[in-house]
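Trainee: Take a look at the following structure, please.
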Amino acid sequence: MISMAVFLVLFSGITHAVWNLFTKRSLNKYVFLWSIHIVGTLALLPYFIIELLQVELHAETLGYMAISALFQGSYFIFLSKSYSYGDLSQTYPIMRGTGVMLVTLLSVLLFGDSLTLVGWIGFCCIIVGLFIISGIVNRHANQGETTHSISILYAIVVGMCVAGYTLMDKLIVQQLSPLSTLELSNINYVIVAFFMVIRAGRKQIIREWQQNWKMILIGCICSPASYFMFLMAMKLAPLASIAPIREIGTVVGTILGILVLKEKQGVRRIIMSAVITCGIISIAIWG
């Protein structure tokens with residue numbers, strides 16, 4: 001069961017990095033994110049309605065769903081803003097690093113999950129590697145790389161939102177299936193994005209689909225598949241142990257930003273990616 005959870009989380013992290021790369025390359029971030037979620041929302045809606053008719057939701061679960069919706073709506077808005085200002089290989093590690101740090105700590109405090117000493121050492125390796133990759137601790141950031149403080153701020157807020165909805169979904173998935181929990185996320189994204197897309201206008205929608213229809217179609221698969229696999233893993237293993245493993249996507253995202261988008265500071269970020277990988281392995285095997 002644990003091995004299956006690790007496999008699901010690893011693949012979840014990789015697919016997450018792929019659709020974030022596509023988001024960064026898109027013309028209008030709101031239109032692109034709305035487009036990749038609307039298909040999954042419509043496909044899962046019948047299943048979601050049938051399950052809701054069969055399950056009597058507790059009042060606590062309804063509260064968790066409301067809080068999760070708030071975090072997910074905020075995540076959608078600030079994710080778009082962050083990619084509008086900063087590099088993928090800079091903002092993505094901050095988002096994921098902040099999220100995994102808060103999720104792991106809060107899951108230990110709130111859910112009674114635990115990590116061994118080696119697990120905590122691995123956890124610290126991940127955090128150190130992520131923040132060095134982000135450029136926050138780089139004193140020579142202005143030499144060949146400009147650190148956009150506003151994009152970093154947005155990325156930190158995104159990480160906080162990730163931690164918030166992950167913890168809430170950990171509770172929701174105890175009563176609803178992973179597919180229905182995923183559909184809740186899709187519905188939240190589509191509702192929030194609808195108002196942003198209306199402001200963008202019909203021409204922006206047509207232009208996005210004309211130029212990036214291939215990325216949109218792949219994103220329609222990668223985005224829901226990524227979180228669905230993570231939700232499945234949460235039913236198989238403690239959250240504190242699997243959440244950091246998903247950060248393999250941070251390594252992949254950093255490499256994609258360097259190789260595909262030709263972003264700078266490649267050597268430093270790749271070295272720190274190795275540090276992150278060591279931390280991931282430590283948690284997965286001994287944590």
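The values are calculated or read from the model by the stated rules, or taken from the named source; none is laboratory data. Just so we're clear, the structure is a prediction, and the values are computed from it rather than from any experiment. Cβ atoms come from the backbone with ideal geometry, glycine included; neighbour counts cover every protein chain shown. The protein model used for the area step is the full one, side chains on, heavy atoms only, and it has no ligands, DNA or RNA in it. Shrake-Rupley method; radii C 1.70, N 1.55, O 1.52, S 1.80 Å.
Trainee: Compare V55, V118, V173 in a GNM of the chain, Cα atoms joined below 10 Å, and give the one with the largest fluctuation.
Mentor: Maximum among the listed residues: V55.
Trainee: Can you work out the accessible area per residue across the range 11-141, with the rest of the protein chains kept in place, probe 1.4 Å, in square angstrom?
Mentor: With the other protein chains kept in place, the range 11-141 gives 43 Å² per residue.
Trainee: Kyte-Doolittle cut-off -0.5, length cut-off 24 Å along the helix's own axis using Cα: show which whole DSSP H helices in the chain pass.
Mentor: Qualifying helices, which must be both long enough and hydrophobic enough, are 2-25, 29-54, 59-85, 88-111, 117-134, 149-172, 178-200, 202-234, 266-286.
Trainee: If exposed means no more than 11 neighbouring beta carbons inside 10 Å and the site is in a DSSP loop, what's the longest run of the chain without any exposed trypsin sites (Lys or Arg not before Pro)?
Mentor: Value returned for the longest uninterrupted segment is 1-138.
Trainee: Could you please state, rounded to a whole Å, how far the C-alpha centre of the range 3-72 is from the C-alpha centre of the range 188-256?
Mentor: 8 Å
Trainee: Which value, in nm² and rounded to one decimal, describes the direction-averaged projected area of the C-alpha convex hull of the range 183-269?
Mentor: Over every viewing direction, the Cα hull of the range 183-269 projects on average to 8.1 nm².
Trainee: Still on this structure: Along the charge dipole of the range 68-221, which of Y92, S151, S68 sits closest to the positive end, that is, farthest toward it, with unit charges on the beta carbon of Lys, Arg, Asp and Glu (+1, +1, -1, -1)?
Mentor: S151
Trainee: Seen from all sides and averaged, what is the projected area of the convex hull of the Cα atoms in the range 105-254, in nm²?
Mentor: Taking the Cα atoms of the range 105-254, their convex hull projects to 11.7 nm² on average.
Trainee: With the crude spin-label approximation of a point 7 Å out along Cα→Cβ, what separation in nm comes out for K262 versus L179?
Mentor: Spacing of the two 7 Å Cα→Cβ label points: 4.5 nm.
Trainee: A further question follows. Give me Rg/Rg_expected for the range 1-137, where Rg uses Cα atoms only and Rg_expected = 2.2 N^0.38 Å with N residues.
Mentor: Relative to the rule-of-thumb radius for its length, the range 1-137 sits at 1.25.
Trainee: Next question, about the same structure. Rounded, prolate or oblate: pick one for the range 14-90, where a ≥ b ≥ c are the square roots of the eigenvalues of its C-alpha gyration tensor, a/c under 1.5 means rounded, and failing that, prolate if a/b is larger than b/c, else oblate.
Mentor: prolate
Trainee: Extent of the range 234-287 along each principal axis, from alpha carbon coordinates, in Å, largest to smallest?
Mentor: Between the extreme Cα coordinates on each principal axis of the range 234-287 lie 38, 19, 11 Å.
Trainee: Please express the Cα-Cα pair-distance distribution P(r) of the chain as a list of whole percents, one per 5 Å bin, running from 0 to the bin with the greatest distance.
Mentor: Cα pair-distance distribution for the chain, in percent: 1, 6, 12, 17, 20, 17, 14, 8, 4, 1, 0, 0.
Trainee: Given the pairs K29/K235; K29/K262; K170/K203; K81/K264; K214/K235, which span a C-alpha to C-alpha distance of over 30 angstrom in this model?
Mentor: From K29/K235; K29/K262; K170/K203; K81/K264; K214/K235, over 30 Å: K29/K235; K170/K203; K214/K235.
Trainee: Along the positive direction of the dipole of the range 158-243 (beta-carbon charges: Lys, Arg +1; Asp, Glu -1; about the Cα centre), which of N186, W213, P238 reaches farthest?
Mentor: W213
Trainee: Next question. Note the full-extension length gain between V108 and A274 as 0.36 nm times their separation in residues minus their Cα-Cα distance, in nm to one decimal.
Mentor: 57.2 nm
Trainee: To the nearest 500 deg cm²/dmol, what mean residue ellipticity at 222 nm is calculated for the chain from DSSP H runs of n ≥ 4 alone, each contributing -39,500 (n - 2.57), summed and divided by the residues?
Mentor: -28500 deg cm²/dmol
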